[in-house]
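See below for the structure under consideration.
Every read-out reported here was derived from the displayed coordinates using simple, explicitly stated rules and does not represent laboratory data. Bear in mind the structure is a predicted one, so any value in this text is a computation, not a measurement. For neighbour counting, all protein chains shown are included, and Cβ atoms are generated from backbone atoms with ideal geometry for every residue, glycine included.
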Amino acid sequence: MNLRSLVYSVYERRLTRKLIGKPVPSHVGVMCDGNRRWAKEMGFIDPNDGHRMGAVKIKHLLDWCDRANVGHITLYLLATDNLRRPAGELEPLLRIIEDLVTELAEDGNPWQLRVVGALDVLPGETATVLKAAQERTVGRTGGAQVNLAVGYGGRREIADAVRSLLTEHAQAGGTIEELVEVLDVEHIAEHLYTRGQPDPDLIIRTSGEQRLSGFLLWQSAQSEFYFCDMNWPDFRHIDFLRALRAYGQRQRRYGA
């Protein structure tokens, strides 16, 4: 072990000790941002080399979350806006995502996968792969429940939730006037992609950007945010521990 590795190991253990007795987020959202910038900075010609490295990092992240007893993780992998990218960049990215979710769904992995996005906006092959991965992991225990936000947009999710709510109400024979009388936020929350799960306690975004970019707009109303400057492929275990440390130091008031 060289000196740098030794220092890293010592610091990692110190951070881990500082988390003992501190609150742990039950749900962490991660905006895996900066893959293309990383590839450019590293001298790669193909930006998808950054996405490939980012996919490798995701598997490390899931292991870190399991070790920290984080029960739910939402990964922002592909926004609806990303679908406007040139085909020469988008198609390889979709293949990388397909390979990633297929690997995460393999037997022996502990994670239960759930697709949170509008599958109808994705190419049919990608949607099929995502649904197969989700079905393969139904009922898994021992690891986190992992939400795969692919073809995801926060505004689209809210619109889909309202549409689903209206459809359900109409099928039950109710009128719009009756719905207006009783409608509250919980009715909409029950139709979100993440229904049945706790809202994210902590949202992490890499690459130095400090905005949500449509990620979990409804669910993040009371979330804590942690922004870090490194691009996603450079995100390390100590950076994850720092995010948990920052979360543990905050006083969550929920507007009170």
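Within segment 114-142, being of a type in the set (A, V, I, L, M), surrounded by fewer than 21 Cβ atoms within 10 Å (Cβ to Cβ) and over 13 Å from Leu78 (Cα atoms) holds for Ala132, Val138.
Of all residues in segment 1-52, those satisfying the criterion of being hydrophobic (A, V, I, L, M, F, W, C), in a helix (DSSP H, G or I) and in contact with a Gly (Cβ under 9 Å, 6 or more places away or on another chain) are Trp38, Ala39.
Pairs linking a residue in segment 184-200 that is in contact (Cβ under 8 Å) with a residue 40 or more places away in the chain and within 18 Å of Leu148 (Cβ to Cβ) to a residue that is assigned to a loop (DSSP other than H, G, I, E, B) and polar (S, T, N, Q), with Cβ atoms under 6 Å and 6 or more positions apart or on different chains, are Pro198/Ser26; Pro200/Ser223.
Of the helices (runs of 4 or more DSSP H) lying entirely inside segment 131-222, not one carries at least 2 residues that are among the β-branched types (Val, Ile, Thr) and in contact with a Pro (Cβ under 8 Å, 6 or more places away or on another chain). Looking for something small (Gly, Ala, Ser), surrounded by fewer than 17 Cβ atoms within 10 Å (Cβ to Cβ) and at positive phi - is there at least one such residue anywhere in segment 220-236? No - not one qualifying residue is present in segment 220-236. The set of residues in segment 20-42 being under 17 Å from Leu61 (Cα atoms) and not acidic (Asp, Glu) consists of Val24, Pro25, Ser26, His27, Val28, Gly29, Val30, Met31, Cys32, Gly34, Asn35. Applying a threshold of 8 Å to beta carbon distances and a minimum spacing of six or more residues, or different chains, the list of pairs starting in segment 141-170 at a residue that is in contact (Cβ under 8 Å) with a residue 40 or more places away in the chain and ending at one that is surrounded by 17 or more Cβ atoms within 10 Å (Cβ to Cβ) and of a type in the set (D, E, K, R) reads Gln145/Arg114; Val146/Arg114; Asn147/Arg114; Leu148/Arg114.
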